[in-house]
Amino acid sequence: METALIVVDIQNDFCPGGALAVPNGDVIIERVNRLLSAYPISVLTQDWHPRAHCSFASSKSLPPFSLDPESVVPSILWPDHCVAGTFGADFHPALHTWKARCILRKGTRRELDSYSAIMENDKKTPTGLAGFLSSLGVTRVLVCGLATDYCVKSTALDARRVGFKVTVVEDAVMGIDAKPGDIHAAFEEMRLAGCDFAMTADLVNWAEK
Ligand code: VGL
Ligand code: ZN
């Protein structure tokens, strides 16, 4: 029964100064680094979009944060962010990337976004991560990173859906809260889906026992 750490999207564009900055997104990095030291099966995800990606408001000549009129499920159009190969898509320089076992890029196809590290937004295209983790004997995942109300939430919910035990690292996630209350609602949704919550210090102590 193995535990894996999933570190979601700690990239320059999601940190202060970035194109889609999560307020205080960088303050969690020190805690994430401690988790990376404690959990040897670890995955970093990287939001990795082609230019003119379907999630970019600019691709549809609409203002950022408007709803996508072409999408059947309500989805927000974002400022251009995490364009593959750009500085914004790089991991934040303070993140101890060398400690991670695996790097998973997502949202790589122009016409399909992927918030979750497990399933793309069509809810039927797997990223391959669940298979990778299962083949290593992983039954429980710890989820941390950015942003609580989008990619962290989607990853945690999908991980539950495909059968992993899920612990969200409460003090190692940070959210956007585009609409105030979004972060709170995300925690509630994850809780109702059967996710547990824990703090970095406790998870690091348990790993060392
Ligand atoms: C994310 C919006 C668009 C995230 C990624 O990492 O939470 N949010 N792309
Ligand atoms: Zn994105």
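The values are calculated or read from the model by the stated rules, or taken from the named source; none is laboratory data. If you're wondering where the values come from, they're calculated on a predicted model, not measured in any experiment. Cβ placement follows ideal geometry from the backbone for every residue including glycine, while neighbour counts extend to all protein chains displayed. When the accessible area is computed, the model is the full protein with side chains, heavy atoms only, and any ligands, DNA or RNA have been set aside. Shrake-Rupley method; radii C 1.70, N 1.55, O 1.52, S 1.80 Å.
Residues in the stretch 102-130 that are open to solvent by 20 Å² or more (accessible area, probe 1.4 Å), aliphatic (A, V, I, L, M) and either within 14 Å of ligand 1 (Cβ to nearest atom) or assigned to a strand (DSSP E or B) (or both): 103, 104, 112, 119. Of all positions in the stretch 175-183, none carries a residue that is aliphatic (A, V, I, L, M) and buried (at least 24 other Cβ atoms within 10 Å of the Cβ).
Six or more apart or on different chains, Cβ atoms under 7 Å: show the pairs whose first residue is in the stretch 167-192 and part of a loop (DSSP other than H, G, I, E, B) and whose second is modelled with pLDDT under 95. Short answer, once both residue conditions are applied: 178/65.
Residues that are part of a strand (DSSP E or B), out of contact with any helix residue (DSSP H, G or I) (no Cβ under 6 Å at 6 or more places or on another chain) and closer than 17 Å to residue 148 by Cβ: does the stretch 21-37 have at least one? No, the stretch 21-37 contains no residue that is part of a strand (DSSP E or B), out of contact with any helix residue (DSSP H, G or I) (no Cβ under 6 Å at 6 or more places or on another chain) and closer than 17 Å to residue 148 by Cβ. Count of the stretch 139-166 residues, restricted to those that are touching a residue at least 60 places away in the same chain (Cβ under 8 Å), open to solvent by less than 10 Å² (accessible area, probe 1.4 Å) and away from ligand 2 (no atom under 16 Å from the Cβ), is 5.
Just to check your reading of the model, which residue among 209, 123 is out of contact with any Asp or Glu (no Cβ under 9 Å at 6 or more places or on another chain) and at pLDDT below 95? It would help to see each step written out before you state the result.
On the way: 123 fails: out of contact with any Asp or Glu (no Cβ under 9 Å at 6 or more places or on another chain).
Residue meeting the stated conditions: 209.
Scanning the stretch 46-65 for residues that are of a type in the set (Gly, Ala, Ser) and open to solvent by less than 30 Å² (accessible area, probe 1.4 Å) yields 55, 57. Of these, 196, 171, which one is acidic (Asp, Glu) and open to solvent by less than 40 Å² (accessible area, probe 1.4 Å)? Residue meeting the stated conditions: 171. Residues of the stretch 1-46 that are over 30 Å from residue 205 (Cβ atoms) and in contact with a strand residue (DSSP E or B) (Cβ under 6 Å, 6 or more places away or on another chain): 20 alone.
Report the residue count in the stretch 131-166 for those that are of a type in the set (Val, Ile, Thr) and in a helix (DSSP H, G or I).
Residues in the stretch 131-166 being of a type in the set (Val, Ile, Thr) and in a helix (DSSP H, G or I): 3 in total.
When restricted to residues that are away from ligand 2 (no atom under 16 Å from the Cβ), of a type in the set (A, V, I, L, M) and surrounded by 20 or more Cβ atoms within 10 Å (Cβ to Cβ), the stretch 33-45 contains 3. Annotation: residue 9 fulfils all but one of (1) farther than 30 Å from residue 165 by Cα; (2) within 15 Å of ligand 1 (Cβ to nearest atom); the unmet one is (1). Note on the stretch 2-32: residues that are surrounded by fewer than 22 Cβ atoms within 10 Å (Cβ to Cβ) and on the phi > 0 side of the Ramachandran plot total 2.
Taking first residues from the stretch 45-60 that are among the charged types (D, E, K, R) and partners that are away from ligand 2 (no atom under 12 Å from the Cβ), no Cβ contact under 6 Å between residues at least 6 apart in sequence or on separate chains turns up.
Taking the listed residues 167, 139, 125, 200, the one that is hydroxyl-bearing (Ser, Thr, Tyr) and within 30 Å of residue 58 (Cβ to Cβ) is 125, with no other qualifying. A Cβ distance below 8 Å, combined with a sequence gap of six or more or placement on separate chains, defines the contacts here; from the stretch 1-30, residues that are free of Cβ contacts under 8 Å to residues at least 60 places away in the same chain reach residues that are within 16 Å of ligand 2 (Cβ to nearest atom) in the pairs 16/25; 21/13; 21/14; 21/15.
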